[in-house]
Amino acid sequence: MTPEEFEHWSRKAADWGAAYRASLTERPVRAQTAPGEIYRQIGAAPPETGEAMAAILADFERIILPGMTHWQHPRFFAYFPANAAPVSVVAEYLVTAMAAQSMLWQTSPAATELETRMMEWLRDAVGLPKDFAGVIQDSASSATLAAVLVMRERALGWEGNRQGLPGGARLRVYSSDQVHTSIDRAIWVSGIGQENLVKLPGGPVTGAMDAAALDAAIRADLAAGCRPAGVIACVGGTSSGASDDVASVVRVAHAHGLYVHVDAAWAGSAMICPEFRTLWAGAEDADSIVFNPHKWLGASFDCSAHFIRDPAALVRTLAIQPEYLKTHGQDGILNYSEWSVPLGRRFRALKLWFLLRFHGLEGLRAMIRNHVRWSQSLAERLRGTEGWEVVTEPMLSLFTFRRAGAEDADTIALLKRINDEGRIYLTQTRVQGSLAIRFQAGSWAMTGADIDIAYRAILDAAGETP
């Protein structure tokens, strides 16, 4: 591709992106294709000779676009948001054009130093103490894995990486039964093993594990000759927003010398609003915390904020320094690849810089407050409609509901009708053994009018008149 062609097609792609965003409200939120439909339209073998960009782009629109679920749609109410604010997309154009590998300070000093400053901005924005340092991970899953690896190494006297898991005392990690499955996976990958993740029952209202039960579990494991390593607290769990009493978890864990990691992947972004910080009170005393600006702050995926009280412990766990990765002649530099499981690193800080400067904290706070208010208003409308029940109360902008007395099969059938119709997209979860429908407001493009559309779509799918 010549420089002139690169310019032409770059402009075409930018124009396409702007037109796509403008057209989202006219599209069904979830892809309407059948399994295998896209696969069968793609050639069975790669072409031997190159093809024209015009033909490739035409096939993109004809084949690929119909099979896309539109995560930036204003009525994407499923899972959690994965927002990509337009200003973040513009920043990503620049990052992609430069295509820097930002693993070391010397491979792009600006990437490292901007990341340091952006993590300070985020730390201060969510009200964490200044003794936390931060790093941008690709996802909360990676941040949690890094935290679990630190737990493992501390418990093994920093010998786990060298010796492997010894045949002696079993390591134990504790959480509620409401944590995301990324915690289970981190336990697997770390070698600790699923049987050694001790999940304590979440309470009936907030989903919090009981601090006394946590203390008892740790003491029982010590008496049995196990080696407790750490605790993972949850704030805003994926299923229905379950949240631990972080302060009580930290007190118990630290009394036993255990490392505490707080998973606030979705809810942490809301902590830029001071009135919501009671939801993670005590996080300031934890050892590490993660939340995802790529969920609710508008930074395009991937961008996960991982805060660590003692970065030296993380570096001691993860850093490998062969000669070809050393930077000679420079003292006091940070190489963030030593703070992450992957060596390779994208220049993620640029989109945060653009985002925070363009919208400011007040602009982002207004968005989050709107989402919380709009979600709560829908919960109240459904609660006040005969034949409907709110199963779990709103936690920020997330709640669950269903038809009163509905069997699981009825709930799934209703959800399928809602999603097949296309105006909105919802997903299900299980609450105390029965299925319920999740609703979360979080789309960057959402307005208050989309709540009215959601209410009508839900009742229409049930065969009722709003």
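Here are some notes:
- Of all the numbered requirements in (1) open to solvent by less than 90 Å² (accessible area, probe 1.4 Å); (2) in a helix (DSSP H, G or I), H70 misses one, and that requirement is (2).
- Flag if L24 is within 26 Å of the chain's Cα centre (by Cα) and either at pLDDT 95 or above or of a type outside the set (S, T, Y) (or both): yes
- Residues located in the range 411-422, provided they are open to solvent by 10 Å² or more (accessible area, probe 1.4 Å) and modelled with pLDDT under 95: D420, E421
- Looking across the range 133-146 at every residue that is under 23 Å from I368 (Cα atoms) and among the polar types (S, T, N, Q), the one that is surrounded by the fewest Cβ atoms within 10 Å (Cβ to Cβ) is identified as S139.
- Per the conditions (1) open to solvent by 90 Å² or more (accessible area, probe 1.4 Å); (2) free of Cβ contacts under 8 Å to residues at least 60 places away in the same chain; (3) not charged (D, E, K, R), the sole criterion not satisfied by Q32 is (2).
- Residues of the range 362-415 classified as of a type outside the set (S, T, Y) and assigned to a helix (DSSP H, G or I), total: 27
- Residues in the range 115-132 that are open to solvent by 30 Å² or more (accessible area, probe 1.4 Å) and either touching a Pro at 6+ places or on another chain (Cβ under 9 Å) or not in a loop (DSSP other than H, G, I, E, B) (or both): 6 in all.
- Summed over the range 40-60, the residues that are within 29 Å of D420 (Cα to Cα), surrounded by 10 or more Cβ atoms within 10 Å (Cβ to Cβ) and either among the small types (G, A, S) or without any contact (Cβ under 8 Å) to a residue 40 or more places away in the chain (or both) give a count of 4.
- For A100, the criteria (1) open to solvent by less than 20 Å² (accessible area, probe 1.4 Å); (2) in contact (Cβ under 8 Å) with a residue 40 or more places away in the chain hold in every case but one, which is (1).
- Subset of the range 423-438 that is in contact (Cβ under 8 Å) with a residue 60 or more places away in the chain and buried (at least 20 other Cβ atoms within 10 Å of the Cβ) - its residue that is farthest from A31 (Cα to Cα): A436
- Every residue from the range 264-278 that is touching a strand residue (DSSP E or B) at 6+ places or on another chain (Cβ under 9 Å) and more than 22 Å from E120 (Cβ to Cβ): W266
- Condition met for R381 (more than 24 Å from Q178 (Cα to Cα) and over 23 Å from the mean Cα position of the chain (by Cα)): yes
- Selection of first residues in the range 1-18 that are within 15 Å of A54 (Cβ to Cβ) and of second residues that are hydrophobic (A, V, I, L, M, F, W, C) and assigned to a loop (DSSP other than H, G, I, E, B), restricted to Cβ pairs under 8 Å at least 6 apart or on distinct chains, gives the following pairs, ordered by first then second residue: W9/M1.
- Cβ-Cβ distances below 8 Å connect the following pairs, each with a first residue in the range 252-265 that is over 17 Å from R227 (Cα atoms), a second residue that is open to solvent by less than 20 Å² (accessible area, probe 1.4 Å) and of a type in the set (F, W, Y), and a separation of six or more residues or different chains: V262/W280; A264/W280; A264/F291; A265/F80; A265/F291.
- Count of the range 341-361 residues, restricted to those that are open to solvent by 40 Å² or more (accessible area, probe 1.4 Å) and either in a helix (DSSP H, G or I) or in contact with a Pro (Cβ under 7 Å, 6 or more places away or on another chain) (or both), is 6.
- Among residues of the range 441-460 that are assigned to a helix (DSSP H, G or I), those with a beta-carbon under 7 Å from a residue that is open to solvent by 40 Å² or more (accessible area, probe 1.4 Å) and of a type in the set (A, V, I, L, M, F, W, C) at least six positions away or on a different chain give the pairs I451/W374.
- Test: residue in the range 132-149 that is farther than 30 Å from F276 by Cα, aliphatic (A, V, I, L, M) and at pLDDT below 95: no
- Among residues that are out of contact with any strand residue (DSSP E or B) (no Cβ under 7 Å at 6 or more places or on another chain) and either under 23 Å from A242 (Cα atoms) or open to solvent by less than 60 Å² (accessible area, probe 1.4 Å) (or both), A449 is included.
- Which numbered condition R369 fails, given (1) in contact with a Cys (Cβ under 7 Å, 6 or more places away or on another chain); (2) surrounded by 22 or more Cβ atoms within 10 Å (Cβ to Cβ): (2)
The values are calculated or read from the model by the stated rules, or taken from the named source; none is laboratory data. Since the model is a prediction, treat every value here as computed from it, not as a measurement. We place every Cβ from the backbone using ideal geometry, glycine too, and count neighbours over all the protein chains shown. Side chains included, ligands, DNA and RNA excluded: accessible areas come from the protein's heavy atoms. Shrake-Rupley method; radii C 1.70, N 1.55, O 1.52, S 1.80 Å.
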